[in-house]
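Here's the structure, in C-alpha cells; my notes come after.
The values are calculated or read from the model by the stated rules, or taken from the named source; none is laboratory data. None of these values were measured; they are calculated from a predicted model. Cβ placement follows ideal geometry from the backbone for every residue including glycine, while neighbour counts extend to all protein chains displayed. Accessible surface areas use protein heavy atoms only, side chains included; no ligands, DNA or RNA. Shrake-Rupley method; radii C 1.70, N 1.55, O 1.52, S 1.80 Å.
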Amino acid sequence: MQEPPVKKVKLATVRLKNKPFWNDGLTIKKVADDLGMSYPALTNLRKGTDKGSWATLLNLSRYFNVPLEELIEVEEEEAD
C-alpha cells in the first residue's frame, strides 16, 4: 500500500497566541524583562513579524507553564 505524499510547506508564519496566557495584569514589557529580551522583539513575535529562536519559544513556554503547541499558532502556505 502506497503512503500518501507529504504536504510540503512553502511558508509558515508562527505567532504567539495572545490568550489565555496574557492576563490583564501581565504586560509585554514585564515578560520581556523577566526573560531578558527586548520589548520590540517580543512584540514582533506576538505579531508574527519576527522569527524567534527555538530557545526563545521554549523560554516562553516555560514562563507560561504551557506546552509549546498551546503557546503558538501556525499559518501555513503549501508549496506548489
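Figure the gain on full extension for Ala41 and Met1 (residue separation times 0.36 nm, minus the Cα-Cα span) and round it to one decimal in nm.
Going from the current span to full extension adds 9.7 nm.
Counting only C-alpha contacts under 8 Å and six or more residues apart, can you give the relative contact order of the chain as a whole percent?
53 percent
Tell me, which longest segment in the chain has none of the trypsin sites (Lys or Arg not before Pro) that fall in DSSP loops with at most 16 further Cβ atoms within 10 Å?
18-50
Cα to Cα, under 22 Å, and not fewer than 8 places away if on the same chain: which lysines meet these conditions relative to Lys8?
By straight Cα distance, Lys8 reaches Lys51.
Based on Cα coordinates alone, diagonalise the gyration tensor for the chain, multiply each eigenvalue by 5, take square roots, and list the semi-axes in whole Å, largest first.
Output for the chain: semi-axes of 29, 14, 11 Å.
With just the Cα atoms defining each centre, how far is segment 1-43 from segment 45-75? Give it in Å.
Here the answer is 3 Å between Cα centres.
Quick one: net charge around Leu45, please, counting Lys, Arg +1 and Asp, Glu -1 for every other residue with C-beta under 9 Å from its C-beta.
Here the count lands on +3.
Give me the 1.4 Å probe accessible area per residue for segment 6-63, excluding ligands and nucleic acids, in Å².
Per residue, segment 6-63 has 71 Å² of solvent-accessible surface.
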